[in-house]
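The values are calculated or read from the model by the stated rules, or taken from the named source; none is laboratory data. Bear in mind that the values here come from a model prediction, so they are computed numbers and not experimental data. Here the Cβ positions follow ideal geometry from the backbone for every residue, glycine too, while neighbour counts run over all protein chains shown. Heads up: the accessible areas ignore ligands, DNA and RNA and are worked out on the full protein's heavy atoms, side chains in. Shrake-Rupley method; radii C 1.70, N 1.55, O 1.52, S 1.80 Å.
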Amino acid sequence: MRAVQVTGYGDINKLEVVEINIPEPGENEVLIQVKACGINNTEIWMREGAYGTGSKSGWRPEGVQFPRIPGSDITGTVVKTGKQVASSMIGKDVVLFPFTSSGEEGYEHISDDMSFIGSEYDGGYAEYVVWPAHLCFEMPLQSFTESAVFSVSGLTAWHMVEQIQVQPNETVLVTGANGGVGSLNVQIAANVFGAKVIAVVGDLTLEEKLKELGATHVVSYKSKNLANEIQQINGGPIDSVLDVVGDALFPVALQALKNGGKFCTSGSAGGQRTELDFRTLYLKHITLYGSVLGTKAEFARMLDAISQGKIKPVIDRTFPLHEAREAQTYFKKAGKLGKIVLIP
């Protein structure tokens, strides 16, 4: 089969198109013919060594083992089953829950042995992938491409919103609102949980599209006094922040938050380190949340909301699998709206 492997830490030249054997499913696994795979920051940062190198590079102590096939937002059709899996699964169109874990229900995402597809396991930048049968869910939409934009980004966004317990009519600030996680944060907070959303982007030409997704207001991070602009729009401080940017907007977010406000982060595309005056936290009674992925129950609730039309796929562009280098390069450009998807 054709696949794209990461051969080590470095630039996009570390992505190589190769021909390798089709993997065989284990006794509790299925073989899936990949139909679409969304691109995430995760596999790019892994290749670049942003998480660290060697033993610090992955979710497990041994780190990422190269060569590795990346890709975690995967849809496809089951074409073969392991010995312990019912043959009735053959022919089912599925979306993959993106990690394995021995953690108890509701805590599987924070288990020490959590292992991620595309990092600890070969992922979806390939024509075929194997995965545990019980982690394959029915696709929420008929389109493979549209269903492939939710697994990691959607689960991350859904967990963020549930974690801060967004309430109807609260005001939520969403940073990086044009990205994969951010555009889903907008939809989930607004259309599922009933919040008022202020979306932060760089390019205000995206304003109407983000309002179509559910944003009440759209502002640019290039504003000279963004914190004041946010509070003026809202008629006062905001209730919470859903952040994927990190350092670049952290001071603004804390300034815009009300006393007792909540700040939840799942990414740091705008800087991984920041300065923090602890007086801001305790004097404003702010709660900080770190958030990565989510639970199987949340994944099921998200898929249900998608099937009901409350959350819609937002796709900027698709690329054929053999153009993975071009796709990851394009992914890092500013001004996109939504996901980039590889098609084998």
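Using a Gaussian network model on the chain with a 10 Å cutoff between Cα atoms, which of P237, P23, P98 fluctuates the most?
Answer for the Gaussian network model of the chain: P23.
How large is the Kirkwood hydrodynamic radius of the chain, counting all unique pairs of alpha carbons, in Å?
Details: mean 1/r = 0.0490 Å⁻¹.
By the Kirkwood definition, the hydrodynamic radius is 20.4 Å.
Filter the trypsin sites (Lys or Arg not before Pro) in region 218-258 to those in DSSP coil with at most 15 other Cβ atoms within 10 Å of their Cβ, and list the result.
On the way: sites: K222, K224, K258; in loops: K222, K224.
Hits after loop and neighbour filter: K222, K224.
So what's the net charge close to G123: Lys and Arg +1, Asp and Glu -1, counting the other residues with Cβ under 13 Å from its Cβ?
-3
I want the antiparallel fraction of DSSP beta bridges within the chain, as a percent rounded to 5.
If I count the DSSP bridges inside the chain, around 55 percent turn out antiparallel.
Considering only V192, V64, V79, give the residue with the highest GNM mean-square fluctuation for the chain, with springs between Cα atoms whenever their separation is below 10 Å.
Highest fluctuation of the listed residues: V79.
Which whole-Hz couplings ³J(HN,Hα) result when phi for each residue of region 103-108 is put into the Karplus expression 6.51 cos²θ - 1.76 cosθ + 1.60, θ = phi - 60°, listed in order with x for Gly and Pro?
Computed from phi, the couplings for region 103-108 are x, 4, 4, x, 10, 4 Hz.
Taking springs between alpha-carbon atoms closer than 10 angstrom, which of E170, E275, E19 fluctuates most in the Gaussian network model of the chain?
Comparing E170, E275, E19 in the GNM, the peak value goes to E275.
Roughly how many Å is it from the Cα centre of region 1-27 to that of region 93-170, as a whole number?
The distance from the Cα centre of region 1-27 to that of region 93-170 comes to 21 Å.
At 0.36 nm per residue, minus the direct Cα-Cα distance, what do Q167 and K83 gain on full extension? Give it in nm, one decimal, please. Can you show the working numbers first?
On the way: separation 84, 0.36 × 84 = 30.24 nm, distance 4.60 nm.
The span from Q167 to K83 would gain 25.6 nm if fully extended.
What shape does region 172-249 have by the C-alpha gyration tensor, where a ≥ b ≥ c are the square roots of the eigenvalues, rounded means a/c under 1.5, and otherwise prolate means a/b greater than b/c and oblate the rest? Display every interim value, and only then the final one.
Working: a/c = 1.37, a/b = 1.18, b/c = 1.16.
Rounded is the answer for region 172-249, as its axis ratio a/c remains below 1.5.
How many lysine pairs does region 1-101 hold where the Cα atoms are under 27 Å apart and the two sit 8 or more places apart or on different chains?
Details: K14/K35; K14/K56; K35/K80; K35/K83; K35/K92; K80/K92; K83/K92.
The number of close lysine pairs in region 1-101 is 7.
Each residue of region 156-163 in turn: what ³J(HN,Hα) in whole Hz from Karplus with 6.51, -1.76, 1.60 and θ = phi - 60°, glycine and Pro shown as x?
The phi angles translate into 4, 5, 4, 5, 4, 5, 5, 4 Hz.
Please work out the FRET efficiency for the pair I110 and D277, using the Cβ-Cβ distance as r and a Förster radius of 30 Å; give the result to the nearest 0.05.
My answer for the efficiency is 0.55.
With the other protein chains left in place, how much accessible area per residue, in square angstrom, belongs to the chain at a 1.4 angstrom probe? Kindly include the intermediate steps, with their values, before the conclusion.
Details: 14990 Å² over 344 residues.
Ligands and nucleic acids excluded, the result is 44 Å² per residue.
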